Ligand code: RIB
């Protein structure tokens, strides 16, 4: 079984701020850093640091050479990474004193995926292989259709939630990993139980992993429920905490771990990520997750 992540790669320009800037306000930042990020890349790095061989498919811009190096350093397979003309995708991130963030994305190269490229990548994958997707690249509906035809296990993190997702046939998704905001956007409900109920009614064969911030995470499928609380840490930057959780979840799935152990592992890994700055630099290795006392 092979693991493919078809997703974004961003340069993250991160500004520490007293508070998230308000409409009409000009705000001096307290500090600034540049990190590697993108929900796609963060999740691939998390899978690799959790010990799984992951192929990352995506497009970097003419300023994107550094992503090859970053992937190689982290053991992320770059066979399906392509460099194209034009600017790489980037994100402008504000992090306030409470460690909450607010993100603006410029898609750039991430929005230049072609159907030909999708076909070329998927030609090497087949039944039983896993494909991980987020919503920061174009062609998402096409990728889901082709991967499903090939009987791959389609895992979707519908983030950020926008109208591109309306074009996707969600019935082809085997596992949804989403937070409560996305849960509301998908189902129309705010209460976790209602979100899960509505999603299972619409997608009865899917597995749902709903993260609930301070309230931990709930797993549900038509036969089973499980939940896990958070590991309390001093929060520094919540960027990529969700991506860390998702990457570790896919890694645990690939390794065949039971769901209870999976949720515990993912929650611990994302707690460590919250205690550190930046996106990819904050993601722990499996060794750290196993050895740290929280
Ligand atoms: O989920 C965090 C990520 O969202 C950041 O790394 C940023 O690039 C945006 O894609």
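Readers should treat all values here as calculations from the given coordinates under stated rules, not as data from a laboratory. Computed from a prediction, not measured in an experiment: that's the story for all the values here. Counting neighbours? That spans all protein chains shown, and the Cβs are built from the backbone with ideal geometry, glycine included.
Note on 56, 19: ascending count of other Cβ atoms within 10 Å places them as 19, 56, the fewest first.
Output needed for the stretch 23-170: three equivalent-ellipsoid semi-axes, defined as square roots of 5 times the C-alpha gyration tensor eigenvalues, in descending order, whole Å.
Semi-axis lengths for the stretch 23-170 are 28, 18, 15 Å.
The stretch 99-234: D in µm²/s via Stokes-Einstein (Kirkwood Rh, Cα pairs, 25 °C, 0.890 mPa s)?
Working: Rh = 16.1 Å.
Translational diffusion coefficient: 153 µm²/s.
Given in Å, the Rg to one decimal and the Dmax to the nearest whole number for the Cα atoms of the stretch 22-69 are 15.7, 46.
What separates the Cα centres of the stretch 58-78 and the stretch 208-253 is a distance of 27 Å. The modelled label-to-label distance between residue 73 and residue 20, using points 7 Å beyond Cα along the C-beta direction, is 3.0 nm.
Taking label positions 7 Å along the Cα-Cβ direction at both residue 215 and residue 235, the computed distance is 1.5 nm, reported to one decimal. Enclosing the Cα atoms of the chain in their convex hull gives a volume equal to 128 cubic angstrom per residue. When each of the peptides 235-248, 72-85 is scored by the mean number of other C-beta atoms lying within 10 Å of its residues, the order from highest to lowest reads 235-248, 72-85. Classify the stretch 94-147 as rounded, prolate or oblate from the Cα gyration tensor: take a ≥ b ≥ c as the square roots of its eigenvalues, call it rounded if a/c is under 1.5, otherwise prolate when a/b beats b/c and oblate if not. It comes out prolate by the Cα gyration axes. Computed per residue of the chain from DSSP H runs no shorter than four, each worth -39500 (n - 2.57), the mean residue ellipticity at 222 nm is -9500 deg cm²/dmol. Between 253, 263, 156, the Gaussian network model of the chain with springs among Cα atoms under 10 angstrom shows the greatest mean-square fluctuation at 253. In this label model, residue 169 and residue 32 are separated by 4.7 nm, measuring between points 7 Å along each Cα→Cβ vector.
Once the cut-off is 14 Å, how many percent of the Cα-Cα pairs in the stretch 108-181 end up in the long-distance tail? Distances greater than 14 Å cover 58 percent of the Cα pairs. The stretch between residue 201 and residue 286, if pulled fully straight at 0.36 nm per residue, gains 27.1 nm over its current Cα-Cα span. Percent of Cα-Cα pairs more than 17 Å apart in the stretch 9-90, please. The calculated P(r) of the stretch 9-90 puts 52 percent of pairs beyond 17 Å. Counting every alpha-carbon pair across the stretch 167-294, the share separated by more than 19 Å comes to 48%. Cα convex hull of the stretch 237-286: how many Å³ per residue? Output value, Cα hull per residue: 56 Å³.
Each DSSP beta bridge with both residues in the chain is either parallel or antiparallel, and the antiparallel ones are about 40%.
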